[in-house]
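Working notes, structure below.
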Amino acid sequence: MSTPRALSPQGLMVKAENALASAKLLSDAGDIDGACNRAYYAMFDAAKAVLLATVPTIDPQIGKTHNGLIAAFGLHMVKTGLVSVELGRALNRAQNIRQIADYTGDVIEPEDVLALLQQASEFVQTLKKQVK
């Protein structure tokens with residue numbers, strides 16, 4: 001069995017845009033949990049893409065854990081001023097909402113999903129400018 005090859009930053013951005021489109025479709029169909037999941041993964045893939053594209057020393061396996069990727073994003077992108085603190089916070093909020101949607105069964109309000117979709121869209125579009 002061969003090890004799957006890592007996606008390029010550009011490939012990850014395409015994946016992020018596809019996940020974002022899926023999140024919008026799921027939200028429109030009333031699948032709140034699915035929309036939250038896909039919105040988070042859009043942000044996760046975009047964050048991984050920008051780290052791989054802008055930090056030459058980053059481990060290509062940075063996406064092995066969610067917390068590891070989020071910590072690396074904060075360290076290399078937010079603390080250096082390459083992205084705003086608000087974008088860093090948005091990634092953390094998205095992870096929290098996704099965990100609620102995927103694991104707790106607690107109700108997520110429709111307005112929270114709409115806010116998450118807006119943040120995910122802004123996040124992906126902002127990071128896409130840094131991935132060439």
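Rule-based calculations on the coordinates, nothing more; no lab input. On a predicted model such as this, the values are computed, not experimentally measured, just so you know. All Cβ positions, glycine included, derive from the backbone under ideal geometry; neighbour counts span all protein chains shown.
A few comments on the model shown:
- The chain: angle of helix 85-99 to the longest principal axis, Cα-based, in degrees nearest 10: 50
- Note on the chain: Lys pairs 8 or more places apart or on different chains, Cα atoms under 18 Å apart, count 11.
- Alpha-carbon radius of gyration plus Dmax, which is the widest Cα pair, for segment 44-105 in Å: 11.9, 39
- The Rg/Rh ratio for segment 9-128, using Cα coordinates for both the radius of gyration and the Kirkwood hydrodynamic radius, is 0.96.
- Peptide packing for 112-125, 30-43, 80-93 was compared via the average number of neighbouring C-beta atoms within 10 Å per residue; ordered from the highest value, the list is 30-43, 112-125, 80-93.
- Degrees between helix 110-128 axis and first principal axis of the chain (Cα, 0 to 90, nearest 10): 20
- Stretching T126 away from Q10 to a fully extended chain increases their span by 40.4 nm, per 0.36 nm per residue minus the current alpha-carbon distance.
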